[in-house]
Structures are given as C-alpha cells and as structure tokens.
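Structure record follows, encoded as structure tokens.
Coordinate-derived values only; no laboratory data. Since this is a predicted model, take the numbers as computed values, not measurements. Glycine gets a Cβ as well: all are built from the backbone with ideal geometry, and neighbour counts include every protein chain shown.
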Amino acid sequence: MKLKNILITALAATALSSVSYAEDKKTVAYIAPSLDISYWQWVGYGVKEKAKELGMDYVEYTSENSPAKQMDNARTAVTKGVAAIVIGPVSSTSTPPLLDYLQKQNVPIAFAGIGPQPGLTNYTSAVTANNYETGKAQGKFTCDLAKERGGNKVGMLSLPQDRENAQKYLKGAREAFAADGCDLVQMLETRGLTINEAVT
C-alpha cells in the first residue's frame, strides 16, 4: 500500500506540475481505461487529492477499455477546457493518435501505470513500475513453485500484450523461466481483466 501511495502521489505531482496557473480555477481530467479495477480507482483518488491540494477542479472519465471511447474522452475533456490530463491508456498502441491530438491542443498529459507506445516522446511525464524486474521476480517465484511440485512446465495469464507494461513483464518472466529451467508452455491474454478469465 505504501508503494501504491508513493506512485499515486508522484503521478499526480508530475502530471500537474506543468500546468501554469492564472486567476481562474484550472481543471485536471483523469481518463481511466476502466474503473471496475481498484488500481485505477486508487490512481483517480490520488489525482483528485493532488488537484484539491493545488486548488484545481477534477473530472473523471472511463474509456471502458475502448480506444475509440478513450479518444472521445480526450476530445470531451479538451472541449470542456481542462488544463491537464492524467491517463491510464487502454493500450500503449492506442496512444499515438491521442498524443498527436493533445499536442496540437497544447494540453499536457501524464501516463499512469501503462506507458505510451515505445519511441514516443510527445508527452509530459509517465509514472510506471519496473515491470521487467517484476516479471523476472515473479517468473523465478513461479518456476520455484513448479519445481517444488515436481514439474517445470508453467502457464501464464497475461495482461493484453498491446500494453508496454505487459510486454516488459512477459520479457522478464520468460528470461527467468529460461534461466531457472522452466518451460512456458502456454500464455493466454486476458481481455476483460476479470477473475472469471483467470479460473476458466
């Protein structure tokens, strides 16, 4: 929880630091990929609290895991005159047109949790975890458990691989499996991000 709070505070601070303040009250928009997952609710809470601390208004949108809805949300936020946007994108691959649009509108944008497509630089900041090292650690842990049970074959239920954080996580896990003598025999991508997908 402590790490989560640090991440949220850092995200909110970097997202809002580029906003220039005038006499009129500014608004920050938070665009979540979905709000049925507690992580994204916590990010929204952090942004809202930082906005309150800075004397800003806060608006919240959910993209319902749809790139089209995500772009609609960005356009709506810009039309309403927001001063900055914090976003957890639906996917990394969905970010190029979004960033092009916001750059033209001169609206600063910060990424939370999931970063933009690799190679892009037209954004204000990004706060993400070290998913590669996390993947390595989880891969080793899983491989050790498999060996304790007398096997070396493992499976993985992954986040969608159109997200750069999921790509880094998988890379780290694959390296750990190879180093520790385990075989990744099946990798399934979750789409709905539901418990049902994990157990069926």
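Let a ≥ b ≥ c be the square roots of the eigenvalues of the Cα gyration tensor of the range 131-199; is it rounded (a/c under 1.5), or, if not, prolate (a/b larger than b/c) or oblate? Note, shape of the range 131-199 comes out oblate. For the pair Thr93 and Glu64 in one chain, pulling the backbone fully straight at 0.36 nm per residue adds 8.8 nm over the alpha carbon distance. Extending 7 Å from the Cα toward the beta-carbon at both Leu188 and Tyr101 defines two label points whose distance is 3.4 nm. Applying the criteria of a DSSP loop state and at most 12 other Cβ atoms within 10 Å to the trypsin sites (Lys or Arg not before Pro) of the range 49-104 yields Lys80. The Cβ shell under 11 Å around Gly172 holds other residues with a net charge of +3, Lys and Arg each +1, Asp and Glu each -1. Short-range pairs are left out: with C-alpha atoms under 8 Å and at least six residues apart, the relative contact order of the range 131-199 is 43 percent. Model label sites at Ser38 and Asp72, defined 7 Å from Cα along the beta-carbon direction, differ in position by 3.0 nm. Taking the Cβ of Gln105 as the centre, find all other residues whose Cβ is under 13 Å away and add up their charges (Lys, Arg: +1; Asp, Glu: -1). Residues near Gln105 contribute +2 overall. Full extension of the chain between Phe141 and Thr128 yields a length gain of 2.5 nm, computed as 0.36 nm times the residue separation minus the alpha carbon distance. Sum up the charges of everything whose Cβ sits under 11 Å from the Cβ of Lys48, counting Lys and Arg as +1 and Asp and Glu as -1, but leave Lys48 out. In short, -2.
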